[in-house]
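K.L.:
This structure is in structure tokens; I'll ask about it shortly.
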Amino acid sequence: ALAVVRPRDLLGRRVLVTAGGTREPLDPVRFIGNRSSGRQGVAIAAAAAARGAEVVLVAAHLEIPAPQGVTVREVGTARELRETVLAEGATADVVVMAAAVADYRPETVADAKIKKEAQGEELVLRLVRNPDILSELTATPGRDGRTVIGFAAETEPDRDALLALGRAKAARKGVDLLVVNRVGWTEGFATESNAIVVVSKGGDIVTEASGSKRQVADAILDLLP
Ligand code: CTP
Ligand code: CA
């Protein structure tokens, strides 16, 4: 796809974007995390700012620098991300949840470094569910006409099965649009390019895009009413 320069069609709109991956601490020096680099979310924030939007980027452990011209709110855990998203989401016209949020966190966080001496040959971790931020956000009223966009990173190789997962997830989360992309050991995370299918709340395919993460970002923002 050619890089097409978009007009400043988001002038005056407040766009909240989450990017990166949350980390759930086990002790002062260790965490459970994921491989999200934040590149797709950062590309969306940069594209929205270039199109004139007032952008707040909720950044969870980005591997790349945040773009110029956006307000950055750094968060660490899923629960910190929740606080920021629910606070900022109340006044946003558009919310894009590109961050990879930990589904579970360690039930307890040790005050001091976990020592082998005390554990022996096995260490069993008990994890508890984190809140579903996106479902909470769509269940609370926001600005009139707010558009909420979720992401679904799936490892499903079959296209039809992938779309079925996406459709079910869009309905379950109550989002206006769900961006479905395939991830794996080599796909999706930490790469410079991406390929996506966007489904509506009703399950229709509204667009497909592939190319650089910036091109994919603009294709997603093109869907805003
Ligand atoms: N998400 C969220 N809060 C969570 C988990 C996910 O807000 N606790 C958001 C993600 O940012 C993403 C969307 O929900 O925009 C879908 O995330 P995904 O991990 O694909 O879906 P889950 O509902 O967590 O289902 P599963 O991981 O079991 O497929
Ligand atoms: Ca998940």
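K.L.:
Quick check: anything in the stretch 67-81 more than 15 Å from the chain's Cα centre (by Cα) and open to solvent by less than 30 Å² (accessible area, probe 1.4 Å)?
P.N.:
Within the stretch 67-81, one or more residues are more than 15 Å from the chain's Cα centre (by Cα) and open to solvent by less than 30 Å² (accessible area, probe 1.4 Å).
K.L.:
Could you look through the stretch 40-61, keep only residues that are touching a residue at least 60 places away in the same chain (Cβ under 8 Å) and surrounded by fewer than 24 Cβ atoms within 10 Å (Cβ to Cβ), and pick out the one that is nearest to the chain's Cα centre (by Cα)?
P.N.:
A46
K.L.:
Are any residues in the stretch 83-132 within 16 Å of ligand 2 (Cβ to nearest atom) and under 21 Å from R14 (Cβ atoms), and if so, which ones?
P.N.:
Of everything in the stretch 83-132, those that are within 16 Å of ligand 2 (Cβ to nearest atom) and under 21 Å from R14 (Cβ atoms) turn out to be V85, M97, A98, A99.
K.L.:
Another question, if that's okay. Please work out which one of (1) within 12 Å of ligand 1 (Cβ to nearest atom); (2) outside any helix (DSSP H, G or I) is the condition L165 fails and give its number.
P.N.:
Tallying (1) within 12 Å of ligand 1 (Cβ to nearest atom); (2) outside any helix (DSSP H, G or I), L165 fails exactly one: (2).
K.L.:
Conditions first: (1) open to solvent by 30 Å² or more (accessible area, probe 1.4 Å); (2) under 16 Å from the mean Cα position of the chain (by Cα); (3) under 30 Å from T207 (Cα atoms); (4) without any contact (Cβ under 8 Å) to a residue 40 or more places away in the chain. R35 passes all but one, so which condition is the exception?
P.N.:
(4)
K.L.:
May I ask you to say which residue of D160, D144 is part of a helix (DSSP H, G or I), of a type in the set (D, E), out of contact with any Gly (no Cβ under 9 Å at 6 or more places or on another chain) and open to solvent by 50 Å² or more (accessible area, probe 1.4 Å)?
P.N.:
D160
K.L.:
Mind checking which residues of the stretch 21-36 are of a type outside the set (S, T, N, Q) and modelled with pLDDT of 95 or more?
P.N.:
Within the stretch 21-36, G21, R23, E24, P25, L26, D27, P28, V29, R30, F31, I32, G33 meet the criteria.
K.L.:
Is the stretch 133-150 home to any residue that is within 27 Å of T186 (Cα to Cα), under 15 Å from the mean Cα position of the chain (by Cα) and of a type in the set (G, A, S)?
P.N.:
yes
K.L.:
Only one residue in A170, A152 is within 18 Å of A99 (Cβ to Cβ), within 16 Å of ligand 2 (Cβ to nearest atom) and either assigned to a strand (DSSP E or B) or open to solvent by 50 Å² or more (accessible area, probe 1.4 Å) (or both), so which one is that?
P.N.:
Exactly one of A170, A152 is within 18 Å of A99 (Cβ to Cβ), within 16 Å of ligand 2 (Cβ to nearest atom) and either assigned to a strand (DSSP E or B) or open to solvent by 50 Å² or more (accessible area, probe 1.4 Å) (or both), namely A152.
K.L.:
Given the condition open to solvent by 30 Å² or more (accessible area, probe 1.4 Å), in contact (Cβ under 8 Å) with a residue 24 or more places away in the chain and outside any loop (DSSP other than H, G, I, E, B), answer yes or no: does some residue in the stretch 186-204 qualify?
P.N.:
no
The values are calculated or read from the model by the stated rules, or taken from the named source; none is laboratory data. Just so it is clear, the model here is predicted, and its values are computed rather than measured. Heads up, the Cβs are rebuilt from the backbone with ideal geometry, glycines too, and the neighbour counts pull from every protein chain shown. Ligands, DNA and RNA are stripped out before the accessible areas are found, and what is left, the full protein with its side chains, is counted by its heavy atoms. Shrake-Rupley method; radii C 1.70, N 1.55, O 1.52, S 1.80 Å.
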